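Take a look at the structure below.
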Amino acid sequence: FAASELARYLGQILGKPLSVGAAAAGAPRIVLEKVADKDLGDEGYEFAAEGNTLRLRAGGDLGAVFGVYEFLRRYGGCRFSGLGPDGELVPSRKSVTAEGLPLRRKPKLWYRGPQFSSRGAATLTEEESAQLCTRWIDWMAKNGFNYVVHNPHRFPGDWFDRFIRPEMVKRGLKFDMNHHNLYLWLPRKNFAEHPEWFPLVDGKRAASGNQLGICSSNPQAVQTVIDNVLDYLRRHPEVSIIGVIPGDSYGMCHCDECTKLDVANGIDPKEQFRDTTAFKTAGANLAKTRRYTLLINQVARAVREEFPDVLVGSAAYVDLTWPDQEIPMESNVVTWVATYWRDGSRPLAEDARTDVNRMFYDALKQWRRLHKGRVITYSYYMGMNAQRSLPYPQDQVIARDWKNLKALGIEGATLQNWPDNHEVYALNILTLARCAWEDDVDPEAVLDEYLEGMYGSVAGEIRPIFDAFHAAWRRAEEEGATILPNGLSILLLMDALGEGRLDECLAAARAKAANDRERRQVAKLTQTAQYWKMGAEIFRLEQKAGAAARAGDQAAAATLKEDAARKCLDIQDYLRGLPAGWVAPRSANVWENTRKRLVPESAGK
């Protein structure tokens, strides 16, 4: 695959077909080799020149794929900014010259894995969804990502196995079964026969998927989890990491036996009823943390015995954010710490001005100190679903984040990011990719490369949009404002840019576009920018309604809310026409929830 990709792209650059196979005597050639080099690992590579031969030596299959795409980017001038051919720039050149050899590269971060948990809008056919998601997998490989995080409850049936797994295998990408999957290991179908395996909530057993949805004091329940994890690994030998990840939200068992187990482990029984939001400032839910740690360790020991090369994933998430101070997790456990609802305007740092960012940095610091295994982050570089697929220009903050996190010993990031709205957040993810392979990352240079790849000759006309967004982000940091991933940042961005200036930039790009690809890309951005304007208008109406209510004018407030609610319906209709890859279908649900909040009496209509 790596050799065919190199020949394909070099052929496009040079304007003539190139083949894979034996070269003519005396002709220049590129040779791909897999070498035994412990320093390179399986993902590193080296470029070296020997006479008329350039050798790409890779430590493994994935290293060969990464090396080919870096060769094309560094020496061929290719830009892999967005999804599919429209999101790439492949220049025309008479020759390709590699200078500064030998060059040796390997990743600075062990783990780099966007979460694969969405297959596109419901309006897409199976084949259209597969094309979108394959392009996303392709983008990952071209930009040096190594893990695909599989979220199975988003994919009924065999769709993932038919369309996505072959594309992963072809590129050598690694498989991480590591997201909200406890319900798979303790299936709810067992509830009818074994309700005692499930949590006691409000005096009743419940087949709940909420967070720690298991009676972890029940040995049969724990053994069922272990048996199902091992069975999955036997059937899926490609899996590198298998998680035992609680469900979303909060929750745990309150039965007498679980309480007794808490007491036996030195935990105050009251801990299981700790305020679920206290994790932000006051530590952890000690009872849940201890139960989860014991569960993970039992699974990890069983996995290590049969699959010594497979890691077990665990989640440090909401009130499980902090590590157990007394019982460490096993060394074959990789823990992701979810930086949930962080301040996006400034980096995670020990001296961060925002309490929540300091809290997450401290939690990461404690995990690195107490955990014998690997520690990564779960990062929301698309601002979570509440961001509504609206812009979240965090790329400059990301570059600062990873100077701090690499120094702390954090070994990578899994990202909540989806094919549906990838194009809106690609610059953020691309910046992380550069941080994962380089120590000194200039976000301005990353922006230039991204815009060149996305928009070609009209990159300069589009850049002022991003410059204004970054200026708004810097101003928020300087003024002490907190940017939460709730979509409201669109007001800061549009106020900094101005709708008139946005329209001018897009018009200039349309006028200058030199080819069909550039025209299509500008058209997609123009269509998406209209969505940004509509979102900002709704938020402004809601703010005006709040101001009217505070001033005592309830009639005006009601009118403004009704107007905003009607526009929530308009925006949902508009979302259906946006191009695939530019908006997540779930954003419509968030706008519908906004409408119901504005006009509660309309909720049933």
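The values are calculated or read from the model by the stated rules, or taken from the named source; none is laboratory data. What you see is a predicted model, and the numbers here were worked out from it, not measured in a lab. Every residue, glycine as well, gets a Cβ built from its backbone with ideal geometry; the counts of neighbours run over all protein chains shown. When the accessible area is computed, the model is the full protein with side chains, heavy atoms only, and any ligands, DNA or RNA have been set aside. Shrake-Rupley method; radii C 1.70, N 1.55, O 1.52, S 1.80 Å.
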Practice task
Please go through segment 434-461 and pick out each residue that is touching a strand residue (DSSP E or B) at 6+ places or on another chain (Cβ under 7 Å) and either of a type in the set (Phe, Trp, Tyr) or modelled with pLDDT under 95 (or both).
Solution key: Trp437
Problem - Residue that is surrounded by the fewest Cβ atoms within 10 Å (Cβ to Cβ), among those in segment 470-490 that are free of Cβ contacts under 8 Å to residues at least 60 places away in the same chain and assigned to a loop (DSSP other than H, G, I, E, B) - result: Glu479
Practice task
Considering only residues that are hydrophobic (A, V, I, L, M, F, W, C) and over 21 Å from Leu492 (Cβ atoms), look in segment 540-559 and name the one that is surrounded by the fewest Cβ atoms within 10 Å (Cβ to Cβ).
Solution key: Ala555
Practice task
Using the structure shown, decide if Ala302 is open to solvent by 10 Å² or more (accessible area, probe 1.4 Å) and either β-branched (Val, Ile, Thr) or closer than 23 Å to Cys215 by Cβ (or both).
Solution key: yes
Practice task
Select from segment 185-227 the residues that are under 15 Å from Gly251 (Cα atoms) and small (Gly, Ala, Ser) and write down the one among them that is surrounded by the most Cβ atoms within 10 Å (Cβ to Cβ).
Solution key: Ser216
Problem - Of the criteria (1) of a type outside the set (S, T, N, Q); (2) buried (at least 22 other Cβ atoms within 10 Å of the Cβ); (3) in contact (Cβ under 8 Å) with a residue 60 or more places away in the chain, which one Gly59 fails - result: (3)
Exercise for the section: Looking only at segment 568-600, count how many residues are surrounded by 15 or more Cβ atoms within 10 Å (Cβ to Cβ), part of a helix (DSSP H, G or I) and hydrophobic (A, V, I, L, M, F, W, C). Expected result: 7
Completion exercise
Checked Asp495, Asp440, Asp467 against criteria (surrounded by fewer than 22 Cβ atoms within 10 Å (Cβ to Cβ) and closer than 24 Å to Asp351 by Cβ); the one match is Asp440
Practice task
Inspect segment 360-368 for any residue being surrounded by fewer than 21 Cβ atoms within 10 Å (Cβ to Cβ), out of contact with any strand residue (DSSP E or B) (no Cβ under 7 Å at 6 or more places or on another chain) and free of Cβ contacts under 8 Å to residues at least 40 places away in the same chain and give the result as yes or no.
Solution key: yes
Problem - Options Asn265, Asn332; residue that is open to solvent by 30 Å² or more (accessible area, probe 1.4 Å) and under 25 Å from Ala363 (Cβ atoms) - result: Asn265
Fill in the blank from the handout: Among (1) part of a loop (DSSP other than H, G, I, E, B); (2) crowded, with 16+ Cβ neighbours inside 10 Å; (3) out of contact with any Lys or Arg (no Cβ under 9 Å at 6 or more places or on another chain), Leu230 falls short only on (1)
Problem - Residue tally, condition open to solvent by 40 Å² or more (accessible area, probe 1.4 Å) and either under 19 Å from Arg74 (Cα atoms) or at pLDDT below 95 (or both), over segment 4-33 - result: 20
Exercise for the section: Output the residues belonging to segment 370-387 that are more than 15 Å from the chain's Cα centre (by Cα) and in a loop (DSSP other than H, G, I, E, B). Expected result: His371, Lys372, Gly373
